Structures are given as C-alpha cells and as structure tokens.
Amino acid sequence: MERLIPGHLRGEIFAFTTIRRDGIFPYGMAWVDVELLGGSTRRITVKLTDLDPNRMDPAGMEEQVHIGDRVEIITREWTRVTQDPADGKDHDRGLLVYGYAARLICEEGN
C-alpha cells in the first residue's frame, strides 16, 4: 500500500518521448497524470530521471519506460548558472536551477 506524504506527488505515465538536440545528451520527457489530494488528477509535462543514458534510442526507451508506469515527482538540479549576465564572466559560485522530474517507482521485490 502506498502511503502519500503531504506534498509528495505520484502519478502514472500517459505518454513519453526522447528529446535529442545538438550538444545536449538525449533525455526523456513524459506527460504524467499526477494524483492530487482529494482524488483529482492533473496532467503535467516533466523530465524523466534515473534512466540509462546509453539506452535513449527508441528501443531502449521502450524497454525502460511504459505507458501506465508509476512515477514519483521529485526535484532535481538541472543546471548551475556561473556566468554573470552583467559582465559575461564566469565566477566560482553560481546560481543553482532546480526543476521537477519524474522517477520510476520500483515495484517491491525487484
């Protein structure tokens, strides 16, 4: 039985795809039907995380992710902005940018 922690979101994958762009490693995106307190759902778009980066081809994605898979919504560091827009120079400290991501829920016993 899943125990929902207030503020802890879970859902089900409605659809997914792989994003490929020059200079950026391919990554998965999904449309997830998120369960809200009170029994309603909302569909959101999130980045898929904790997948095998070497299996982002269509066949590899279909082995890792399936429509209907259960996911939990988490926050992840997306990037660190180290360049100051005022002077265009890199600095030692940077601004961390976080965003939502979806991680597959492993079934117990696997």
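Nothing in this text is a laboratory measurement; each read-out follows from the coordinates by a stated rule. Predicted model only: the values in this text are computed from it and were never measured. Cβ: placed from backbone, ideal geometry, glycine included. Neighbour counts: every protein chain shown.
For the reader, a short list of remarks on this structure follows.
- Alpha-carbon centroid distance for the pair segment 6-33 / segment 39-57, whole angstrom: 3 Å
- Average Cα contact separation per residue, segment 10-104, under 8 Å, 6 or more apart, as relative contact order %: 28 percent
- Working from label points 7 Å from Cα in the Cα-to-Cβ sense, the Thr75 to Tyr98 distance is 0.2 nm.
- Taking a ≥ b ≥ c as the square roots of the eigenvalues of the Cα gyration tensor, segment 10-104 is oblate, since a/c reaches 1.5 or more and a/b is not larger than b/c.
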